[in-house]
Structure formats: structure tokens, C-alpha cells
Amino acid sequence: MKELPVDANPPYGGKGGFRRITMTLPPKIYERLVRESARRKIAGEPNQLLSAILRDAITQYLERLGDVEDDVAANTGAGSQIE
């Protein structure tokens, strides 16, 4: 499995090699993202932008997925075939 970028949210100007995507979300999920963004802003936490929150969430999900795939491969002797 390919390694994910170490920093999903580099400083301004550090995303030159990143790929853009467009996504559609249900209104309730969008509202939750906006609330999380506001919570981070009020708390003075980093990565307040919706895009930063989504990059964090996707990176964490894929890291967990990789851990599960590694466990399955170790237990079955099979390798992952993800491209």
C-alpha cells in the first residue's frame, strides 16, 4: 500500500502537488463540518477550514483502512491489490 502524505495540511503554498476534487455532501453532514470548523476557530485550534477538516478525516480513514488491510494480509498470507 502506498504511504499517505505525512502532512495532509501543509502551510500556505505547500499544496502544489495536491489534487483537487469536488464532492457533494448531504446537508446534515455539511452542517456538522461547519460546526466543527466554528468550534476549532473559537478554540484557537489549527486546520479550521472545511477542506482541512476533510483532509484530516480522509487521511485518518485511509490509515485505519490500511491497518485493517495489513492485518488481513498478515492473517491470510495475501497481499493487498489496491492500485
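Bear in mind these aren't lab numbers, they're just calculated from the coordinates by the rules spelled out. These figures come from a predicted structure and were not determined experimentally. A quick note on method: Cβ atoms are made from the backbone with ideal geometry, for glycine too, and the neighbour counts reach across all protein chains shown.
Some notes on this structure:
- Order of Arg40, Arg20 under a 10 Å beta carbon neighbour criterion, fewest first: Arg20, Arg40
- The length gained on full extension between Asn47 and Leu62, counted as 0.36 nm times the residue separation minus their Cα-Cα distance, comes to 3.5 nm.
- Peptides 9-18, 58-67 ranked from most to least packed give 58-67, 9-18, packing being the mean of other C-beta atoms within 10 angstrom over each peptide's residues.
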